[in-house]
Amino acid sequence: MAYTIKVNGTDHTVDADGDTPLVWILRDVLQMTGTKFGCGMALCGACTIHRDGVPARACVTPLESVGQAHITTIEAIGATARGQKLQQAWIALQVPQCGYCQSGQIMSAAALLEHTAHPTDDDINTAMAGNVCRCGTYSRIRAAIHLAAKT
């Protein structure tokens with residue numbers, strides 16, 4: 001069945017089963033490979049996207065549930081002032097090690113800063129709790145969020 005979804009401000013018509021997880025539509029159909037597949041159960045946060053500005057897990061979001069929602073992926077986050085600040089902070093503090101989880105980390109951090117301009121460590125810990133980093137870069141992630149909030 002054909003579905004039209006708005007991703008990064010552009011309408012895309014895709015022909016897929018309605019129960020197909022959004023992560024596969026983004027990666028395999030639309031060729032937006034920045035959103036990563038991690039666990040497939042919304043536990044790791046690697047597939048974090050924004051659905052109408054709110055972090056959501058693309059691995060458990062069926063295509064048919066997207067409707068008129070505006071989907072934002074890591075490919076477009078740098079077009080926002082907050083996204084640019086986060087990306088610059090990530091680079092300045094050399095946050096990634098392997099980097100696999102980082103797109104999801106940045107998406108969650110961007111949503112946090114959208115609602116909390118100057119987050120505390122507790123705010124950051126709460127907002128980022130659903131994002132797992134196997135390399136353990138949590139202290140650098142927290143420092144980068146604070147740096148992005150200051151600039």
Given (1) surrounded by 21 or more Cβ atoms within 10 Å (Cβ to Cβ); (2) closer than 30 Å to Thr13 by Cβ; (3) of a type outside the set (A, V, I, L, M, F, W, C), number of the condition Gly53 does not satisfy: (1)
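Report whether or not Ala89 is outside any loop (DSSP other than H, G, I, E, B), closer than 26 Å to Ile141 by Cα and more than 15 Å from the chain's Cα centre (by Cα). Spell out how you get there, then give the answer.
Working: outside any loop (DSSP other than H, G, I, E, B): yes; closer than 26 Å to Ile141 by Cα: yes; more than 15 Å from the chain's Cα centre (by Cα): yes.
Yes: the conditions hold for Ala89.
Name the residue, out of Gln97, Gln84, Gln88, Gln68, that is without any contact (Cβ under 8 Å) to a residue 12 or more places away in the chain and surrounded by fewer than 19 Cβ atoms within 10 Å (Cβ to Cβ). Working first, answer last.
Numbers: Gln97 fails: without any contact (Cβ under 8 Å) to a residue 12 or more places away in the chain; Gln88 fails: without any contact (Cβ under 8 Å) to a residue 12 or more places away in the chain; Gln68 fails: without any contact (Cβ under 8 Å) to a residue 12 or more places away in the chain.
Result of the check over Gln97, Gln84, Gln88, Gln68: Gln84.
With the structure loaded, tell me whether Ala129 is surrounded by fewer than 22 Cβ atoms within 10 Å (Cβ to Cβ), not polar (S, T, N, Q) and not assigned by TED's automatic domain parsing to the domain that holds Val23 or whether it fails that test.
So Ala129 fits the description; yes.
Residues in the stretch 126-151 that are polar (S, T, N, Q), in contact (Cβ under 8 Å) with a residue 12 or more places away in the chain and either part of a helix (DSSP H, G or I) or within 14 Å of Pro96 (Cβ to Cβ) (or both): how many?
Just the residues of the stretch 126-151 that are polar (S, T, N, Q), to begin with: 126, 131, 137, 139, 151.
Next, from what is left, pick out any that are in contact (Cβ under 8 Å) with a residue 12 or more places away in the chain: 131, 137, 151.
Pick out the ones that are also either part of a helix (DSSP H, G or I) or within 14 Å of Pro96 (Cβ to Cβ) (or both) and you get 131, 137.
Selection size over the stretch 126-151: 2.
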May I ask you to list the residues in the stretch 95-125 that are farther than 15 Å from Cys44 by Cα, assigned to a helix (DSSP H, G or I) and among the aliphatic types (A, V, I, L, M)? Ala110, Ala111, Leu112, Leu113, Ile124
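The values are calculated or read from the model by the stated rules, or taken from the named source; none is laboratory data. Note that this is a predicted model, so its numbers are computed, not measured. Here the Cβ is made from the backbone with ideal geometry for all residues, glycine too, and neighbour counts use every protein chain on show.
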